[in-house]
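Novice: Sharing a structure with you now.
The values are calculated or read from the model by the stated rules, or taken from the named source; none is laboratory data. What you see is a predicted model; the values in this text were computed from it and never measured. Note: ideal-geometry Cβ built from the backbone for every residue, glycine included; neighbour counts use all protein chains shown.
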Amino acid sequence: MASARVLHWNGKDLPEELRELPAGTYVIERVDNAPALTAGQEQGLAKSLGSLRAGEGRTIDQVRQTIDSILHR
């Protein structure tokens, strides 16, 4: 499964964020300025975090089960 990860590198030492990754093939791209979130995206994240803090989140197993049922696995 692909995912994005932000790391900061001093150009010499291997960042801890890379040490934590499992073995595999990775693509690394330098980003000078990460795009800013829109006001709507910020509001959506705040609302989502509030739901999680209120205990309204789902477990990873529940999410996987939903995805599997959508994909008919």
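Novice: Which of the numbered conditions does Val27 fail, given that it passes all the others? Conditions: (1) loosely packed, with under 10 Cβ neighbours inside 10 Å; (2) touching a helix residue (DSSP H, G or I) at 6+ places or on another chain (Cβ under 8 Å).
Specialist: (2)
Novice: Quick one: in segment 1-11, which of the residues that are over 15 Å from Arg30 (Cα atoms) and not hydroxyl-bearing (Ser, Thr, Tyr) is modelled with the lowest pLDDT?
Specialist: Met1
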